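Here is the structure we will look at, set down as structure tokens.
Each reported figure results from applying straightforward, stated rules to the coordinates on display, with no laboratory input. Since the structure is predicted, the reported quantities are computational estimates derived from the model, not experimental observations.
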Amino acid sequence: MITIKQSGLIDELLAQLKDNETSFCKPIISNLLDLGYAPRKHKKSTFVIEFKKYGRIMTKMEVSREKGLIFWLRFSAGAEYSQIFQDAVKRRPEAWVKRNQEWENHDVQKCCGLCKGNPRFYHHINDNGNIIKRCGGYTIVVPGVTSKDVPEILRLIKEQDEYFNMLCG
């Protein structure tokens, strides 16, 4: 059950979106609420709502004046995902670019700790056909998602939620 304040946050988010972005977000928000994820405003300069359970963020929805909706998702527990999600995994985070930080293949010894002892990794296949792993302890931006991607997003949320429930439930 969400509070009046949380309901107000969701209404505020939806009011700032274009029609196609609203039709994208509504089924995802509904699914997250059904699974027990609580919306809260993220302390950032732009308008960001994150959905969190067990102290772990599943998704963030950010409204940018310049870019519109920016969708973040944690889906490292998923074994398979389509090209749009693989492309998101391939992108080097902006913070890494600013620090000139190179890609590394992550493993258990290099785990950041956000996985809380049972690491999961995002993965993609590089141009040489090698599987590259990336830390799965946080959400990543998935640019270009549309309403046609909602069924896969809901599947990935379900898989990630089952992983969180196994660890914390």
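For residue 158 and residue 34, compute 0.36 nm times the residue count separating them, minus their Cα-Cα distance, and round to one decimal in nm.
43.5 nm
Given 0.36 nm per residue, what is the gain on full extension from residue 11 to residue 54 after removing their alpha carbon distance, in nm?
13.1 nm is the gain from fully extending residue 11 to residue 54.
Under 5 Å between amide H atoms, partner at least 5 residues away or on a different chain: which partners does residue 138 have, H built in plane at 1.01 Å?
Sorted by chain and number, the residues that satisfy this come to none at all.
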